[in-house]
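The values are calculated or read from the model by the stated rules, or taken from the named source; none is laboratory data. On a predicted model such as this, the values are computed, not experimentally measured, just so you know. Note: ideal-geometry Cβ built from the backbone for every residue, glycine included; neighbour counts use all protein chains shown. Surface accessibility is based on the protein's heavy atoms, side chains included, excluding ligands, DNA and RNA. Shrake-Rupley method; radii C 1.70, N 1.55, O 1.52, S 1.80 Å.
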Amino acid sequence: MRERGAQAEARVREHLRIRGWTLLDQNWSCRWGELDLVMSQGERLLVVEVKGRRSPSWALHSVDRNKRRRIARAIDCWRAQHPNRGDSLLTVVIAVVPLPPTSGAVRWISVHELC
């Protein structure tokens, strides 16, 4: 299962790299949670929660209120450790990556859409 998660993260990371995003951290963790991908593009920050699933609809159920709270706390911790990025515009998204035998494009969901 861990291998599939790594493959899903690699797919998302490469997709964003091609579009001009630079990887700052991957699987960064603190006592409050983990950030799958932290990317930058100029003064913009992008935090991506990657969900690789055979049934993509289940991915959304796994990002409940508690998970969103852990992500928010981890972002606060990350920013505290990277004060030079404190003023960067932040976007948080979920990337739902279909895993075999399912195929298709990555589905991007703004965390604001889940609130």
- Message: Given a 1.4 angstrom probe, I'd like the percentage of the accessible area of the chain that is carbon and sulfur, rounded to a whole number.
- Response: 49 percent
- Would you pull out the residues with amide H under 5 Å of residue 53's amide H, same chain only if 5 or more places away, H placed 1.01 Å from N? 97, 99
- Query: Residues with amide H under 5 Å of residue 28's amide H, sequence separation 5 or more or different chain, H placed in the peptide plane at 1.01 Å from N; which?
  - Reply: 35
- Message: What distance in nm lies between label points placed 7 Å from Cα along the C-beta direction at residue 22 and residue 84?
- Response: 0.9 nm
- Item | Segment residue 6-residue 31, extension gain: residue separation times 0.36 nm, minus the distance between their alpha carbons | 6.9 nm
- Message: I'd like the Karplus ³J(HN,Hα) series for the stretch 102-108: coefficients 6.51, -1.76, 1.60, θ = phi - 60°, whole numbers in Hz, and an x wherever there's a Gly or Pro.
- Response: 6, 10, x, 7, 5, 9, 9
- Query: Roughly what angle does helix 65-81 make with the longest principal axis of the chain, taking Cα atoms, 0 to 90 degrees, to the nearest 10?
  - Reply: 40 degrees
- Tilt of helix 2-18 relative to the longest C-alpha principal axis of the chain, in degrees (0 to 90, nearest 10)? 60 degrees
